[in-house]
Amino acid sequence: MTSTFHDRIAAELTDIEAQGLTKPERVIASRQGPVIQVGGRDVLNFCANNYLGLAGDQRIVDAANAASEARGAGTASVRFICGTLDIHKELERSLADYLGFEDSILFAAAFDANGGLFEPLFGAEDAIVSDSLNHASIIDGVRLCKAKRYRFATSDMDDLETQLKAARADGAREIVIATDGAFSMDGYIAKLKDIRALADRYQALIMVDDCHATGFLGPQGKGSYAHHGVEIDFLTGTFGKALGGAMGGFICATAPVVQLLKQRARPYLFSNALAPSICGASLEAIRIARGSEGDTLRTQLFANAARYRSAMTEAGFNLLPGEHPIIPVMLGDARLAQDLAARMLELGVYVIGFSFPVVPRGAARIRTQMSAAHTFEHIDAAVAAFTTAGKELGVI
């Protein structure tokens with residue numbers, strides 16, 4: 001490699017650091033949970049997507065180990081060559097049944113699910129109308145597709161209708177409205193009732209990414225569409241958050257759509273099959289999530305979120321409004337977000353500062369997240385630490 005190349009990389013890294021945009025990796029030496037070990041000590045964890053608290057649950061670990069014992073570490077192959085196991089089919093059936101769809105297809109990651117959805121199904125004759133705050137994986141998936149692209153302002157139904165009219169006027173064969181079910185940086189839940197009404201009016205399909213909703217929003221935790229009581233056409237999601245916390249993604253749809261994706265979706269065709277351990281863990285997580293224990297965990301999760309929101313607001317912090325367990329503490333300045341996160345770790349609470357390009361410039365924050373595994377004592381201790389650090393740094 002040339003010295004000029006390395007000089008350019010070094011200069012870019014220096015600039016990232018100068019702007020306070022460096023994203024540190026803090027090494028965890030324990031299972032994921034409400035209390036984790038970082039730097040040789042136990043700290044409270046308030047930034048994981050461990051909504052139901054299952055990532056470190058022994059039943060999930062045992063199910064993963066049992067699947068590995070029975071089917072090995074992996075298939076050493078992609079699904080269509082020599083990589084489809086009985087546990088893959090079992091997970092696809094269980095997932096579709098749980099979420100109320102005809103069929104489902106598994107991917108190595110949720111990013112791949114969004115990356116593989118659009119290109120096989122839609123072409124230059126079609127249109128995709130995408131929420132402006134959609135996850136990067138949706139944006140990248142849409143870019144891989146030749147369909148004409150339109151964007152609407154987040155949760156702005158007037159703007160959505162304007163874009164739907166434009167797509168129809170431009171002669172679109174099919175129109176797809178694409179949105180996060182819950183937006184990961186803000187905790188806003190998509191207005192799917194209103195979106196459903198507009199989709200019906202303009203004969204559009206609906207795609208929802210429910211990575212931050214599956215397992216805990218709506219009846220039995222079926223997701224944002226169930227939360228609003230509407231039907232959708234394509235659902236993407238993950239096993240890496242509420243459903244066990246490992247990795248892997250999926251698409252739920254009608255059986256013919258899933259069959260076509262299995263023939264044409266490139267991330268499915270050219271990636272190794274999901275590891276048996278992940279399938280076993282995910283099956284156990286689905287069993288827990290859809291049952292009465294899941295109801296108990298969801299009740300605790302939202303009670304925790306309400307307590308935390310109330311206490312942080314009373315302490316003087318600027319929170320984005322909402323009901324979701326994602327609760328951003330808004331700070332604006334990237335350096336301040338990093339400094340506050342570092343001070344919180346010193347005080348025994350693990351949180352992370354979010355800044356550009358993960359969030360818009362000037363909208364830096366600490367995104368806190370509740371888990372059903374948190375106790376009220378955990379929450380009160382975190383709020384006390386935030387209050388101390390916030391006063392020291394002039395946030396409150």
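Some notes on this structure:
- Using θ = phi - 60° and Karplus 6.51 cos²θ - 1.76 cosθ + 1.60, couplings along the stretch 183-196 (whole Hz; Gly, Pro as x): 7, 5, 8, 10, x, 6, 9, 4, 7, 6, 5, 5, 5, 4
- Expressed in Å, the radius of gyration and Dmax of the Cα atoms of the stretch 58-289 are 17.3, 57.
- Ellipticity estimate at 222 nm from DSSP helix runs (n ≥ 4, -39,500 (n - 2.57)) divided over the chain, nearest 500: -14000 deg cm²/dmol
- Radius of gyration (Cα atoms) of the stretch 267-321, expressed as a multiple of 2.2 N^0.38 Å: 1.83.
- Distant-in-sequence amide contacts of GLY215, defined by a placed amide H-H separation under 5 Å and a gap of 5 or more residues or a different chain, comprise LYS222, GLY223.
- Using a cutoff of 8 angstrom between alpha carbon atoms and counting only pairs six or more residues apart, the relative contact order for the stretch 192-309 works out to 22 percent.
- Residue exposure sequence - CYS82, CYS211, CYS145 - by fewest surrounding Cβ within 10 Å: CYS82, CYS145, CYS211
- P(r) tail, the chain: Cα-Cα pairs separated by more than 35 Å, 30% of all pairs.
- Sequence of SER155, SER277 once ranked by neighbouring C-beta atoms within 10 Å, starting from the fewest: SER155, SER277
- Ordering of 6-12, 282-288, 338-344, 198-204 by packing is 282-288, 338-344, 198-204, 6-12, highest average first (other Cβ atoms within 10 Å, averaged per residue).
- Computed from phi, the 3J(HN,Hα) profile of the stretch 217-232 under the Karplus parametrisation 6.51, -1.76, 1.60 (θ = phi - 60°) reads 9, x, x, 6, x, 6, x, 5, 5, 6, 4, 9, x, 10, 9, 10 Hz, with x in place of Gly and Pro.
- The relative contact order of the chain, computed from alpha carbon pairs under 8 Å that lie at least 6 residues apart in sequence, is 22 percent.
- Backbone HN-Hα couplings from phi across the stretch 152-160 [Karplus 6.51/-1.76/1.60, Hz, Gly and Pro as x]: 10, 4, 3, 6, 9, 6, 5, 5, 4
- Total lysine pairs in the stretch 58-289 at Cα distances under 19 Å, for residues eight or more apart or on different chains: 7.
- Average Cα contact separation per residue, the stretch 58-289, under 8 Å, 6 or more apart, as relative contact order %: 31 percent
Every number here is computed from the coordinates shown, using simple stated rules; none is lab data. None of these values were measured; they are calculated from a predicted model. Every residue, glycine among them, receives a Cβ derived from its backbone with ideal geometry; neighbour counts consider all protein chains shown.
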